[in-house]
Amino acid sequence: MRRVYAFIVSVVFVIAVMLPVLGDPRSDSFPLSTYPMFSGLRDSMASIDHVVGVAGDGSRTALPPESVANDEVLQALAIIRGAVRQGPEATEKLCRQAALWVYESRWENIETVEVLTDRFDALAYFDGDKSPMSSVLHARCLVEES
Amino acid sequence: MRGALSRIDRFWYRPAPATRLAALRIIIGGFALGYVVIRGPHLMGYADFDASQFEPTGVTSVLSGTLSDDVLGALVMITILAGVAFVTGAGYRVTGPIFAMLLLFVTGYRNSFGQIFHTENLMVIHVMVLALAPAADSVSLDAWRRGETRTLEPDGRYGWAIQLMCLLTVLTYFISGQTKLRNAGLEWVTTDTLRNFVAYDNLRKAELGDSYSFIGAALVAHGWLFKPLAAFTLAAELGAPLAMLGGRVAKLWALSAWLFHVGILAVMAILFPYPLAGVAFAPFFPVEQLWRPFKRLVQYRPEIRPIRVPSLRGKG
């Protein structure tokens, strides 16, 4: 009986873990997964959805993940990307959320917050060229109490 | 046919000490419990996320909406309590599966807001296997309550769960490797893909105000490094099933996989705590021997030898 139990449990687990392999290799779930992260082909061009703080002198600072989500950078990226996909109302709301975070965190000098999609050459970026090749502004808002 | 089935049975239902399975319960369960305790505030923080951001996955697909502060907080606290029972082996037949299900749920909830993380998958799967195995027959409150003092004989009923955890570990790595081949083919190794991924991942961290790997950022300037690294990555993943041969092959593979994660941490600042702490590979090792030195210390009794005192008889 114990052997039968062990056999059944083992087969169920192995089938469950292998099942995602039968589907789309780009699909994902938890905890059963194909682990598709970093699995495709990739060139050096990258579009980054992010939230940036702009100071009075025009200097720009990337706001941390906590400004829109929590301490997980990928979670913040997903939140920003989701807002960009949903459209102007969602990006405005996200912008105000980030601006309120800046206000409550008392980040000095930051006067406005922008939600942007910037396009970079990732290899050139770490070679010293950190300016985006193109930029799309989705929302801009002032840093204020509410 | 009978011969083949018999060989499979001998391989799978291999005798193992009850203490080894118990040690794995403590190590893996202890890690999972520690994870929930340390990440508790982070896990409960998902109650603050907007309902519009909710994209349920896995078991959380049964939810029609997000959970409130109180409910999520209660679930995390009960998970911790169940985890304590799991690690100590108290009421294990009930608390084991309860902890496994709660762990699956609270980690699944964290993965339900547009981003699936891949850092807890194997930990949750291992806990689920342990919950369905007799992992509290030894070194547990249950065993102590039963007055179980004898050393249990190695038995297949402890060994199969260990074999299963080993197999599931190697399968997750193998699947990851075969996904790369399915999505990119051998070009994953022969092109600059890995180099571009390292640059891209560090770039997005930098542009999202997070810390990134200075090592990775510096190395991307040296493209020649990345094709051998890509080949090593794919070899470690696709070669994972060889670890089921056991012995030195298993240990060599576990070391390769651990180095793979050290490399990921170094060049991409991505932390996979479960394998980096070595816990993911614990089923491949005789972990019950870890407490031998402590057992010797507890059982140590200094030898008392009689001291010879010279006789005083007949002297003055």
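Kindly indicate whether residue A:90 is touching a helix residue (DSSP H, G or I) at 6+ places or on another chain (Cβ under 6 Å), part of a helix (DSSP H, G or I), free of Cβ contacts under 8 Å to residues at least 24 places away in the same chain and open to solvent by less than 50 Å² (accessible area, probe 1.4 Å).
In short, yes.
For region B:198-255, enumerate the residues that are of a type in the set (Phe, Trp, Tyr) and within 13 Å of another protein chain (Cβ to nearest Cβ).
Here is the first cut: in region B:198-255, the ones of a type in the set (Phe, Trp, Tyr) are B:200, B:212, B:214, B:224, B:226, B:232, B:253.
Within region B:198-255, B:200, B:212, B:214, B:226 meet the criteria.
Among the listed residues B:280, B:257, B:266, which satisfies the condition of being at pLDDT 60 or above, in contact with a His (Cβ under 9 Å, 6 or more places away or on another chain), at negative phi and not charged (D, E, K, R)?
Exactly one residue qualifies, and that residue is B:280.
Which one is farthest from the other protein chains (Cβ to nearest Cβ), of the residues in region A:15-52 that are among the charged types (D, E, K, R) and under 18 Å from the mean Cα position of the chain (by Cα)?
A:49
If a residue has to be within 23 Å of residue B:54 (Cβ to Cβ), at the interface with chain A (Cβ under 7 Å from one of its Cβ atoms) and open to solvent by 10 Å² or more (accessible area, probe 1.4 Å) to count, how many in region B:118-133 make the cut?
1
Given (1) more than 11 Å from every other protein chain (Cβ to nearest Cβ); (2) open to solvent by less than 50 Å² (accessible area, probe 1.4 Å); (3) modelled with pLDDT under 95, where does residue B:54 come up short, assuming only one miss?
Only one criterion in (1) more than 11 Å from every other protein chain (Cβ to nearest Cβ); (2) open to solvent by less than 50 Å² (accessible area, probe 1.4 Å); (3) modelled with pLDDT under 95 is unmet by residue B:54, namely (1).
Identify the residue in region A:95-126 that is away from chain B (no Cβ under 14 Å) and not in a helix (DSSP H, G or I) and, among all such residues, is nearest to the chain's Cα centre (by Cα).
Among residues in region A:95-126 that are away from chain B (no Cβ under 14 Å) and not in a helix (DSSP H, G or I), the one nearest to the chain's Cα centre (by Cα) is A:112.
I'm trying to understand the selection: among the residues of region B:143-162, which are open to solvent by 20 Å² or more (accessible area, probe 1.4 Å) and either of a type outside the set (Lys, Arg) or on the phi > 0 side of the Ramachandran plot (or both)?
B:144, B:147, B:148, B:149, B:151, B:152, B:153, B:154, B:155
Specify the residue that is nearest to residue B:34 (Cα to Cα); the eligible residues are those in region B:58-105 that are outside any helix (DSSP H, G or I) and either without any contact (Cβ under 8 Å) to a residue 40 or more places away in the chain or aliphatic (A, V, I, L, M) (or both).
Within region B:58-105, the match that is nearest to residue B:34 (Cα to Cα) is B:90.
Using the structure shown, decide if residue B:167 is among the hydrophobic types (A, V, I, L, M, F, W, C) and either touching a residue at least 12 places away in the same chain (Cβ under 8 Å) or surrounded by fewer than 19 Cβ atoms within 10 Å (Cβ to Cβ) (or both).
Yes: the conditions hold for residue B:167.
Being in a helix (DSSP H, G or I), among the small types (Gly, Ala, Ser) and within 14 Å of chain A (Cβ to nearest Cβ) is true for just one of B:32, B:23, B:4. Which residue is that?
The conditions single out B:32.
Return only the number of the condition from (1) open to solvent by 20 Å² or more (accessible area, probe 1.4 Å); (2) of a type outside the set (Ser, Thr, Tyr); (3) over 19 Å from the mean Cα position of the chain (by Cα) that residue B:241 does not satisfy.
(3)
Inside region B:185-209, can you point out the residues that are over 17 Å from residue A:117 (Cα atoms) and surrounded by fewer than 21 Cβ atoms within 10 Å (Cβ to Cβ)?
Matches in region B:185-209: B:185, B:186, B:187, B:190, B:191, B:192.
Taking the condition touching a residue at least 24 places away in the same chain (Cβ under 8 Å), over 16 Å from the mean Cα position of the chain (by Cα) and surrounded by fewer than 23 Cβ atoms within 10 Å (Cβ to Cβ), does residue B:136 pass?
No: the conditions fail for residue B:136.
Look at region A:131-140 and say how many of its residues are within 12 Å of residue A:52 (Cβ to Cβ) and either open to solvent by less than 70 Å² (accessible area, probe 1.4 Å) or small (Gly, Ala, Ser) (or both).
Total meeting the criteria: 4.
Give me the helices (runs of 4 or more DSSP H) completely within region B:188-290, filtered to those with at least 2 residues that are β-branched (Val, Ile, Thr), ordered by residue number.
Helices (runs of 4 or more DSSP H) meeting the threshold: B:193-207, B:247-268.
Give B:220, B:198 a once-over and let me know the one that is touching a residue at least 40 places away in the same chain (Cβ under 8 Å) and closer than 26 Å to residue A:80 by Cβ.
B:198
Would you please name the residue that is surrounded by the fewest Cβ atoms within 10 Å (Cβ to Cβ), looking only at residues in region A:77-87 that are touching a residue at least 12 places away in the same chain (Cβ under 8 Å) and facing another protein chain (nearest Cβ under 10 Å)?
A:81
The values are calculated or read from the model by the stated rules, or taken from the named source; none is laboratory data. The structure presented is a predicted model; accordingly, all values stated were derived computationally and were not measured. Positions of Cβ are backbone-derived with ideal geometry, glycine not excepted, and every protein chain shown enters the neighbour counts. For accessibility, only protein heavy atoms count, side chains too; no ligands or nucleic acids. Shrake-Rupley method; radii C 1.70, N 1.55, O 1.52, S 1.80 Å.
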